[in-house]
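K.L.:
Mind looking over this structure? Questions follow.
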Amino acid sequence: MKQKSLLLIVALFAMQGMWAEHPIVQYSLDPQIVEHRNLNGLQGYLNGLVNINFDQLVFEYTSLAPDQKSTVRLTASINMPGAVYNKTSKARALVLYNQYTTCKKRERISQDNYDDASLLFNKFERFISISPDLYGWTLTEDKPQTYCCPEILAIETVDAWDAAMILLEQEGYDFKDLPAFNVGYSSGGYHAMAVQKYVDEKRPDIFFTATSTGGAPYDFTTVLETYVKTNFTGYQCALPLVIVAYNETYNLGLDYKDIFLPPLCDKIDEWILSKDYTSWGINDLIGLDTKIDQMLTPAALDYTRGIGKKIYDIFRDKALCGPWAKWQPNTDTKHFILHSKDDLYIHYHVGWEMANYLEAHGCDVKTDFSNWDNHVTWGMVVWYVRTILFIENCIADGNASYFVDLLENNPNAIPDLYKKINRNPNINLNEEDVPAISLTTDKKADLNSDGEVNVTDVMLMIDQIMGKE
């Protein structure tokens with residue numbers, strides 16, 4: 001294949017499909033399917049009502065390494081219901097699914113965490129989902145993960161998307177007229193928004209009809225300020241994960257003893273870089289009751305100078321919204337942002353900050369900042385349902401009646417759906433326990449607003465099931 005000049009515009013090389021070009025390096029994606037798996041997801045939930053059988057194509061492709069100078073082979077997966085895989089039914093949409101936080105070996109969708117992909121399928125959702133495993137996993141599992149490193153995540157994800165389109169065409173699937181959606185929750189929501197920023201700025205040939213994100217840390221300066229000023233987090237591993245990822249990925253040369261207190265500062269290799277523990281395993285090791293000032297050194301707590309300011313400044317540089325963000329979103333892409341007011345992992349006002357940024361730049365943004373309990377139960381569960389409803393509203397033949405039937409016929413089953421995931425049930429942070437948060441004056445988030453809540457009949461049913469109505 002003839003190489004193209006680095007001066008060739010993005011749209012033309014994207015049409016070629018087999019080549020990716022960046023200012024420093026050019027490379028062939030060379031996608032190869034390496035495994036086909038037939039899987040049963042969500043077995044045991046809702047008495048088997050949502051047991052979803054689907055097919056997965058695991059593939060390898062070439063992308064940029066974190067240094068953005070060399071290349072690396074990575075993996076991703078294409079997931080679809082059996083009828084779509086067998087070509088007896090045509091897919092209804094393409095979905096880029098950005099996976100949430102993983103910390104332990106084999107936690108990616110192409111390995112042991114395939115339940116996550118199956119949440120996008122049900123009786124009506126004939127979606128084809130593409131999910132990248134990213135650097136630090138599968139083929140590069142011995143390397144530090146690029147957790148919430150926006151430009152690297154975006155490049156590797158878009159390369160996975162391009163590679164998947166090549167493979168789908170090679171395999172004879174009819175997909176070129178399908179709407180495309182970009183979704184993710186928690187760190188996956190940050191990831192999805194980073195991808196949206198990247199395609200808006202550098203890949204106009206890729207268009208997402210809508211992007212849905214939830215519970216995401218779009219601006220880590222806001223997350224840091226909130227943690228420090230409340231001296232609380234319901235997810236102890238969050239700051240260590242992102243600080244370690246930034247230090248290792250961007251070669252910042254930070255000494256962990258200047259940032260973290262013992263025992264954490266002495267256990268970074270064992271607890272985080274080893275990938276021997278899940279996120280909640282790391283939380284347990286740090287201590288579920290550990291406050292921020294018991295985790296960070298006094299110097300790291302002061303983000304106005306020294307090591308604290310250095311961390312704050314790198315967070316600012318990677319922010320996707322707020323006064324530091326400078327990108328102009330594509331206003332033709334619709335957005336849905338959900339963030340529970342009761343989220344103890346990441347305070348909901350960071351979701352407000354993202355929504356405000358998109359709205360200020362002319363985007364159509366739907367939001368839900370209702371009290372959906374904590375980050376996973378029920379925030380994540382509701383986000384999945386609302387995301388599918390949101391996608392359905394964007395598809396000409398949209399039909400979300402499956403959820404209505406499911407809730408009406410099984411009202412007592414829903415509360416058990418994610419009971420096992422609530423790993424920290426003893427935290428009971430009452431409103432009066434949280435001091436008033438005074439963010440920097442140029443943050444636009446409004447902590448006192450009730451927000452725009454677009455609650456459908458399906459969500460009202462969930463409210464009734466949860467005893468909120």
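Residues are listed down the side, and each one gets a yes or a no for (1) at pLDDT 90 or above; (2) in a loop (DSSP other than H, G, I, E, B):
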residue: Gly308; (1), (2): yes, no
residue: Phe315; (1), (2): yes, no
residue: Ile337; (1), (2): yes, no
residue: Lys341; (1), (2): no, yes
residue: Tyr345; (1), (2): yes, yes
residue: Tyr357; (1), (2): yes, no
residue: Val376; (1), (2): no, yes
residue: Tyr384; (1), (2): no, no
residue: Phe390; (1), (2): no, no
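K.L.:
Does segment 228-271 hold any residues that are open to solvent by 10 Å² or more (accessible area, probe 1.4 Å), in a loop (DSSP other than H, G, I, E, B) and either in contact with a helix residue (DSSP H, G or I) (Cβ under 6 Å, 6 or more places away or on another chain) or within 13 Å of Met295 (Cβ to Cβ) (or both), and which are they?
P.N.:
Matches in segment 228-271: Asn231, Phe232, Tyr235, Leu254, Leu261, Pro262, Pro263, Lys267.
K.L.:
List pairs: first residue in segment 346-369 and free of Cβ contacts under 8 Å to residues at least 12 places away in the same chain, second residue outside any helix (DSSP H, G or I) anywhere in the structure, Cβ distance under 8 angstrom, at least six positions apart or on different chains.
P.N.:
Hits for this filter: Glu359/Val365.
K.L.:
Could you say whether any residue in segment 123-132 is of a type in the set (Gly, Ala, Ser) and either at pLDDT below 95 or under 21 Å from Phe181 (Cα atoms) (or both)? Walk me through how you get there before you give the answer.
P.N.:
Narrowing segment 123-132 to residues of a type in the set (Gly, Ala, Ser): 129, 131.
Still in the list and also either at pLDDT below 95 or under 21 Å from Phe181 (Cα atoms) (or both): 129, 131.
Yes - at least one qualifying residue is present in segment 123-132.
K.L.:
Continuing with this model, one more query. In this structure, does Leu139 turn out to be at pLDDT 95 or above, open to solvent by 40 Å² or more (accessible area, probe 1.4 Å), over 15 Å from the mean Cα position of the chain (by Cα) and among the aliphatic types (A, V, I, L, M)?
P.N.:
Judged against the criteria, Leu139 is a match.
K.L.:
Give segment 63-91 a look and list any residue that's open to solvent by 20 Å² or more (accessible area, probe 1.4 Å) and touching a residue at least 60 places away in the same chain (Cβ under 8 Å), or say none.
P.N.:
Pro66, Gln68, Val72, Arg73, Lys87, Lys90
For every residue, the table says whether it meets (1) of a type outside the set (D, E, K, R); (2) within 23 Å of Lys87 (Cα to Cα).
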residue: Thr101; (1), (2): yes, no
residue: Ala117; (1), (2): yes, yes
residue: Ile130; (1), (2): yes, yes
residue: Gly136; (1), (2): yes, no
residue: Glu141; (1), (2): no, no
residue: Val158; (1), (2): yes, no
residue: Ile166; (1), (2): yes, yes
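K.L.:
Right, here's the next one. Which of (1) outside any loop (DSSP other than H, G, I, E, B); (2) open to solvent by less than 10 Å² (accessible area, probe 1.4 Å) does Asp200 not meet, given it meets every other one?
P.N.:
The one condition Asp200 does not meet is (2).
K.L.:
Please determine whether any residue of segment 185-193 is assigned to a loop (DSSP other than H, G, I, E, B), within 30 Å of Val242 (Cβ to Cβ) and under 11 Å from the mean Cα position of the chain (by Cα).
P.N.:
Yes: segment 185-193 contains one or more residues that are assigned to a loop (DSSP other than H, G, I, E, B), within 30 Å of Val242 (Cβ to Cβ) and under 11 Å from the mean Cα position of the chain (by Cα).
The values are calculated or read from the model by the stated rules, or taken from the named source; none is laboratory data. Bear in mind the structure is a predicted one, so any value in this text is a computation, not a measurement. Please note: Cβ atoms are built from the backbone with ideal geometry, for glycine as well, and neighbour counts cover all protein chains shown. All accessible areas refer to the heavy atoms of the entire protein, side chains included, with ligands and DNA or RNA removed. Shrake-Rupley method; radii C 1.70, N 1.55, O 1.52, S 1.80 Å.
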